[in-house]
Each structure stands twice: as C-alpha cells, then as structure tokens.
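A short write-up of the structure that comes next.
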Amino acid sequence: MSNLGWYQVLTTAAKKVGGPKRLVAMLFGSGVLTGVVGDKVYTTIKHSKEAREAENLKLKVFTVINEGKSNEGLVFHEGDKFRVLEVDNEAVLIEKMGDGNNPYFVAASFLKTISDFE
C-alpha cells in the first residue's frame, strides 16, 4: 500500500465517475437524498406512534376523582366516568357516561385536575 491513503482512493473514484466535479455532485446528491428519505421515514414513524397513542387513549375510560365544574358549565361528580373521543392540543372531546347530551369539549388541564386523565 502506498503512502497516499485516502487521496488515492478519492482520485481513483473520481476517475471512475468522470472527474472530481461529478464525484462531489454525486456525494452531495446522495446526502440530500438520504436526508429527504430519512425525514420522510422519521415523520411516518412519529405520526404512526401518535396515532397509536391516540387510539389507546380513546379505548380507556377515565374516572372523576375530585368534583368540579368546567368553564363550559359541565359538572363532574366524584365517580363519574368519561371516555376521550378526540384530542386537539388543549381541547378534549369527551363522552360523559350516562349523560344523554354528549359529546362535550373540555380543557385537558381541567380533566387532569379532577380525574385520572394523563
């Protein structure tokens, strides 16, 4: 092996692809492509994880521990149960069990203070 090391490897690769400009363009292009594909994969995995967590949240029935009244006027008594239908940041759409006037929008922070909602 000569003492040229990586220089020799790079010059040989440049000759095979048609020159150093093409080699740099190919390396840059493959880096951009890897970044785009990696971003798509990351986004897909993140969204699928969020969707699974949302589905698990919808299946669970929560119990009211402390009595309270929401800003919307909805009264919760100790032992009441509710199910989460949708979550959008701070707004939570719930179904209050045994209440015929469903569904209700309630603040997530309020639900955390009165129930076992996490």
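At a glance:
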| item | result |
| --- | --- |
| In the range 98-118, the residues that are over 14 Å from residue 69 (Cβ atoms), open to solvent by 80 Å² or more (accessible area, probe 1.4 Å) and either over 24 Å from the mean Cα position of the chain (by Cα) or among the β-branched types (Val, Ile, Thr) (or both) | 98, 100, 101 |
| Test: residue in the range 37-60 that is touching a helix residue (DSSP H, G or I) at 6+ places or on another chain (Cβ under 8 Å), surrounded by 10 or more Cβ atoms within 10 Å (Cβ to Cβ), in a helix (DSSP H, G or I) and at pLDDT 85 or above | no |
| Output for the range 1-36, where each listed residue is part of a helix (DSSP H, G or I), of a type outside the set (Lys, Arg) and open to solvent by 100 Å² or more (accessible area, probe 1.4 Å) | 6, 7, 26, 27, 28, 33 |
| Subset of the range 72-118 that is among the aromatic types (Phe, Trp, Tyr) and without any contact (Cβ under 8 Å) to a residue 40 or more places away in the chain - its residue that is nearest to residue 55 (Cα to Cα) | 82 |
| Residue list for the range 61-89, restricted to those being among the acidic types (Asp, Glu) and in a loop (DSSP other than H, G, I, E, B) | 67, 72, 78, 80 |
| Search result, residues across the range 62-86 that are aliphatic (A, V, I, L, M) and either under 16 Å from residue 105 (Cβ atoms) or at pLDDT below 85 (or both) | 74, 75, 84, 85 |
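The values are calculated or read from the model by the stated rules, or taken from the named source; none is laboratory data. Note that the coordinates shown come from a computational prediction; the quantities given were computed from them, not determined experimentally. All Cβ positions, even for glycine, are placed from backbone atoms using ideal geometry, and neighbour counts span all protein chains on display. These accessible areas exclude ligands, DNA and RNA; they are computed on the full protein's heavy atoms, side chains included. Shrake-Rupley method; radii C 1.70, N 1.55, O 1.52, S 1.80 Å.
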